[in-house]
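Structure record follows, encoded as structure tokens.
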Amino acid sequence: MSWAVEEWKEGLSPRVLQKIHELESQVDKLKKERQQRQYQLESLEAAFQKQKQKVESEKNESAILKRENQSLMELCDNLEKAKQKISHDLQVKESQVNIQSGQLNSSRKDIERLEQELKR
């Protein structure tokens, strides 16, 4: 079969045959180069798609972390408010204890005084 492909070259001058051979070699070289570039293009496209997915995944993770961070900040704010309320309540109760302690001491003194009067 290759003889049929080569048949059209019969009768051509050696110079023309040399030029045809050079052109055919150049065509083969260009075909190989084209295949290599196509492979490179496909590899780059695959790498690009992989990076694109990675970026999308990182964006999603970032959004999740932002929501989680916001939730934690709100929780911290709520805990801080609760701490302040508890601290305030503690101060109020300590103040009440101090007042009642003073009243108790005063009542004890009154009882002692009254007991002294009763003894007389």
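The values are calculated or read from the model by the stated rules, or taken from the named source; none is laboratory data. Not measured: the values here are computed from a predicted model. Heads up, the Cβs are rebuilt from the backbone with ideal geometry, glycines too, and the neighbour counts pull from every protein chain shown. Areas reflect the complete protein model, heavy atoms only, side chains present, ligands, DNA and RNA absent. Shrake-Rupley method; radii C 1.70, N 1.55, O 1.52, S 1.80 Å.
Here, P(r) means the percent of Cα pairs in each 5 Å bin from 0 to the largest distance; for the stretch 52-120 it is 4, 13, 9, 9, 7, 8, 6, 6, 6, 5, 6, 4, 4, 3, 3, 2, 2, 1, 1, 0, 0. Among the protein heavy atoms of the chain, carbon and sulfur supply 55% of the accessible surface, probe 1.4 Å, non-protein parts ignored.
Working note: 222 nm ellipticity from helices only, DSSP H runs with n ≥ 4, each -39,500 (n - 2.57), summed and divided by the residues of the chain, gives -35000 deg cm²/dmol to the nearest 500. In a DSSP loop and with at most 10 other Cβ atoms within 10 Å, the chymotrypsin sites (Phe, Trp or Tyr not before Pro) in the stretch 1-104 are W8.
A Cβ-based charge dipole, computed about the Cα centre of the stretch 56-120 with Lys and Arg at +1 and Asp and Glu at -1, lands at about 560 debye.
The three principal axes of the C-alpha atoms in the chain carry coordinate ranges of 158, 21, 16 Å, sorted with the longest axis first. K109: which aspartates and glutamates have alpha carbons under 20 Å from its alpha carbon, excluding same-chain residues fewer than 8 sequence positions away? Cross-link targets: E117. Cross-link partners for K54 among the lysines, with Cα-Cα distance under 30 Å and sequence neighbours closer than 8 places in the same chain left out: K66.
Can you give the angle from 0 to 90° between the axis of helix 14-119 and the longest principal axis of the chain, with both taken from C-alpha atoms, to the nearest 10? That helix lies at roughly 0 degrees to the long axis. Accessible area per residue for the chain is 98 Å², calculated with a 1.4 Å probe on protein heavy atoms, without ligands, DNA or RNA. The alpha carbon centroids of the stretch 54-120 and the stretch 27-50 are separated by 71 Å.
Of the residues S57, S43, Q100, the one whose Cα sits farthest toward the positive end of the charge dipole of the chain, with +1 on the Cβ of Lys and Arg and -1 on the Cβ of Asp and Glu, is Q100.
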